[in-house]
1. Could you list, in sequence order, the residues of the stretch 16-63 that are farther than 25 Å from CYS212 by Cβ and free of Cβ contacts under 8 Å to residues at least 12 places away in the same chain?
2. Hand me the list of strands (runs of 3 or more DSSP E) wholly inside the stretch 110-219 holding 1 or more residues that are over 30 Å from ASP47 (Cβ atoms).
3. Go through the stretch 1-95 and tell me which helices (runs of 4 or more DSSP H), entirely inside it, have 2 or more residues that are at pLDDT below 95 and basic (Lys, Arg).
4. Being at pLDDT 95 or above and either of a type in the set (D, E, K, R) or within 17 Å of the chain's Cα centre (by Cα) (or both) is the filter here, so list the residues in the stretch 155-181 that pass it.
5. Show the residue pairs meeting these rules: Cβ distance below 8 Å; 6+ apart or different chains; first residue within the stretch 121-147 and open to solvent by 60 Å² or more (accessible area, probe 1.4 Å); second residue modelled with pLDDT of 95 or more and among the aliphatic types (A, V, I, L, M).
Amino acid sequence: MKGQDWVRGVERLLFPRDICCAWCGAERGLRPCGLCEDCLNQLPWNDTPAVREGVICPAPLRYEEQAKRMIHALKFEGRRYLAEPLGRLMAECLRDVEADGLIPVPLHPTRYRDRGFNQSELLCQAISQELSIPVWHTALQRVRDTRHQIGLSAAERRENVKGAFQADACVAGKTLILVDDVFTTGATFAACVQELRDKKAVVRGVAAARVCEPSADAS
C-alpha cells in the first residue's frame, strides 16, 4: 500500500465518514458532505462569488471563524480528510457547470516536498468524486518557487506570482475549472487564469472560502 493510501486508511479508521463528523468527530447524524448539523450551522456561508480577470470564482464559505480553522487544519496540521467535506461543499457550487477537467492551483516541488501534499489537489479529488469531472494533475505547473502570500499587500502578491506558472499545451480548447482553497486578493488565481488563457483554455474557478474584507478584495 502506498504511503498516502496508508495515511488515508488510518484517517478513515479514526474518523469513519458514515459515523463521525469529519470536523468535531461526534457520532451523530451527518449531512451528505460528511459534517454534522451542528458544525454546518457554525460555518460562515458565502453567497457572493469573487470575480477576477472576468472569471467567476464561487466559494461556499467566507474565510472566517470555523471555515478558517478547518482550512488551516487541512493545510498546516495535516488533516487531509477535511478536504472531503470542503470539496463536497465546493461541488455544490458547480452542479450546473460543464467542464473537461479540474485544475488544482499547483505548489512548487520544493513546497510540495515540505508539506507532503497539495491541498488544492485534495479538494479537486473530492470534487471529482461528486461531479465525475477528471482532475488534470499536471496540466498547470508552478515553475518558480514564490514566497508565501501571507502578509503581502495586493500589489506584492501580484508581483510575487508573476510568471510563476506554466500550462501544458494540452489545455488548448478545453473548459477547465481552477481549484484553490482560499481566494484572498485573487493574485494567484489571476496569474493561473492568464497562463491557461494564453494556452487557449476556457477557465472557470472555485475556492473553498473567500476573504470578504473590502481591502482584501480590492482590484
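1. PRO16, ILE19, CYS20, GLY25, GLU27, ARG28, GLY29
2. Numbers: elements: 140-142, 165-167, 175-183, 202-210.
Output list reads 140-142, 165-167.
3. On the way: elements: 3-14, 37-42, 65-76, 83-92.
Fully inside the stretch 1-95 and qualifying: 3-14.
4. ASP168, LYS174, LEU176, ILE177, LEU178, VAL179, ASP180, ASP181
5. The qualifying pairs are GLN125/ALA83; GLN125/VAL135; GLU130/ALA91; PRO134/LEU102; GLN141/ALA167.
The values are calculated or read from the model by the stated rules, or taken from the named source; none is laboratory data. No experiment lies behind these values; they were computed from the predicted model shown. Note that each Cβ is placed from the backbone with ideal geometry, even for glycine, and that neighbours are counted across all protein chains shown. All accessible areas refer to the heavy atoms of the entire protein, side chains included, with ligands and DNA or RNA removed. Shrake-Rupley method; radii C 1.70, N 1.55, O 1.52, S 1.80 Å.
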